[in-house]
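Okay, so here's the structure we're looking at.
The values are calculated or read from the model by the stated rules, or taken from the named source; none is laboratory data. Everything numeric in this text was worked out from a predicted model, so none of it was measured. We place every Cβ from the backbone using ideal geometry, glycine too, and count neighbours over all the protein chains shown. These area figures cover heavy atoms from the full protein model, side chains too; ligands, DNA and RNA do not enter into them. Shrake-Rupley method; radii C 1.70, N 1.55, O 1.52, S 1.80 Å.
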Amino acid sequence: MEPFVAEPFVAEPFVALMRRYCIDYTARHDLSVCDDIMVPGYTLHMGVHHLAGRDEAYKPAAAAQFRQFPGLCLTVNEIICSGDRLALRFTEHGASARHDGARAAWGGVGLYRWDGQRLLENYVEQDYFGRRRQLAGDGPDPVEPPAVAPWDTRSVPADPAAEAVVRGWLAAGDLTGVTVDDGRSAHRLVEAGRTDIGVLFSAGSRVAFHAVQHGPLTGEDPRFAGDGEAMLHLAGVVRVAGGRVAGGRVIRDRLGLLRRLTRTAGQARP
C-alpha cells in the first residue's frame with residue numbers, strides 16, 4: 001500500500017496578501033512592507049476622509065497611529081473573500097501613549113480591493129467612539145475571539161440573492177439582527193431615509209458592505225441629538241439565511257457623527 005501523501009495546501013492569493021498586511025506590516029509596525037503590498041495610489045476611505053496616496057497620505061497616518069499605540073495589536077476576527085474582493089473584520093487593541101497608558105480594544109470592518117498583486121483601496125470603519133469611551137476611563141473592552149484559521153479562508157462565489165436581501169435591509173435603515181458597534185447599545189441613530197451603498201459584495205451567504213445613511217436623527221440616544229439631516233457611515237459583514245439577515249457585525253462612524261453635530265451646534269451659537 002502506498003503511503004498517504006497530503007496535497008500541499010496553497011493559500012488563496014488575496015488571503016495570502018492580507019496575511020502580509022496583518023502580520024508583516026501591521027503587527028510589526030513595518031511601514032516598508034507597504035511598498036510591496038500596496039500600489040502607490042492606494043486610497044483609504046473612512047468616514048468623510050479619503051487618504052489618497054500610499055506615501056503621501058496613508059503612511060503618515062499609519063505612523064501617527066503607531067506612535068499613539070506603540071504596542072498596537074491587530075486580531076483577525078473574520079475574513080470573507082470573493083476572489084477580487086475581501087472583507088476583514090478585526091479588533092485593534094493597545095495602550096495609548098497620549099492617555100497615560102490607558103488601554104482599549106475596538107472593532108473594525110475593512111473592504112479591500114486589489115489588482116491581483118497589490119492592494120488598491122480599502123473602505124473601512126473603526127469604532128473610535130467606543131475607543132474614546134475606554135481611553136476616558138471606562139477600561140478596555142475584551143478582545144473579540146480570533147478567527148480559528150483566517151489564512152486558510154477560500155474564495156466563495158457571489159450570491160446575488162443574498163446581496164439583494166442586504167440591499168433591502170440597508171434601505172430599511174433598521175440594523176436589527178446583528179451586533180452593532182461595541183454591542184452596548186442597539187439605538188438607531190438616523191431615521192430610515194436614503195442609504196447610499198458605496199461597496200457591496202458577497203462570498204456565498206455572507207455579505208460585506210460600506211454605506212452612508214442620510215436622514216434625520218432619531219433622538220433614541222441623547223448623545224446624538226440635533227436638527228436637520230444627518231450623515232452616518234457604516235461598514236459590516238452580515239450573514240443571510242432564510243431570506244433575511246440572520247447575524248453579523250456592523251461598525252458605525254459614531255465619532256464622526258458626533259464631531260459634525262458638535263461643530264454644527266458651535267456654529268449655531270451666537
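Just a few scattered comments:
- For Val240, the shell of other residues with beta-carbons less than 12 Å away shows a net charge of +2, using +1 for Lys and Arg and -1 for Asp and Glu.
- Gained length - Trp151 relative to Glu220, 0.36 nm times residue gap less alpha-carbon distance: 20.8 nm
- Spin-label model distance (nm) - His50 vs Arg67, 7 Å beyond Cα toward Cβ: 2.7 nm
- Theoretical FRET efficiency, 1/(1+(r/R0)^6), r = Cβ-Cβ of Ala164 and Ala27, R0 30 Å, to 0.05: 0.20
- Point-charge dipole on Cβ atoms (K/R +1, D/E -1) for the stretch 108-181, about Cα centre, debye to 20: 160 debye
- For the stretch 1-160, accessible area per residue (1.4 Å probe, heavy atoms of protein chains only), Å²: 50 Å²
- Prolate/oblate/rounded call for the stretch 165-270, Cα gyration tensor, a/c under 1.5 rounded: prolate
- Cα centroid separation - the stretch 86-135 against the stretch 6-48, whole Å: 14 Å
- Inter-site label distance for Asp196 and Ala246 at 7 Å from Cα along Cβ, in nm: 3.4 nm
- Neighbourhood charge, 14 Å Cβ-Cβ cut-off, centred on Gly110 and excluding it, Lys, Arg +1 and Asp, Glu -1: -2
- Charge dipole (Cα centre; +1 on Lys/Arg Cβ, -1 on Asp/Glu Cβ; no other charges) of the chain amounts to roughly 740 debye.
- Given a 1.4 Å probe and the protein chains as shown, Tyr123 ends up with an accessible area of around 50 Å².
- Divide the volume of the convex hull around the Cα atoms of the stretch 60-110 by the residue count and you get 76 Å³ per residue.
- What you get for the stretch 183-270, charging only the Cβ of Lys and Arg (+1) and of Asp and Glu (-1), is a dipole of about 320 debye around the Cα centre.
- Accessible carbon and sulfur surface of the chain relative to its total accessible area, %, 1.4 Å: 53 percent
- Nearest-10 value in Å² for the accessible area of His29, using the 1.4 Å probe: 50 Å²
- Most positive-pole-ward Cα, Leu189, Val199, Ala230, against dipole of the stretch 166-251 from beta carbon charges: Val199
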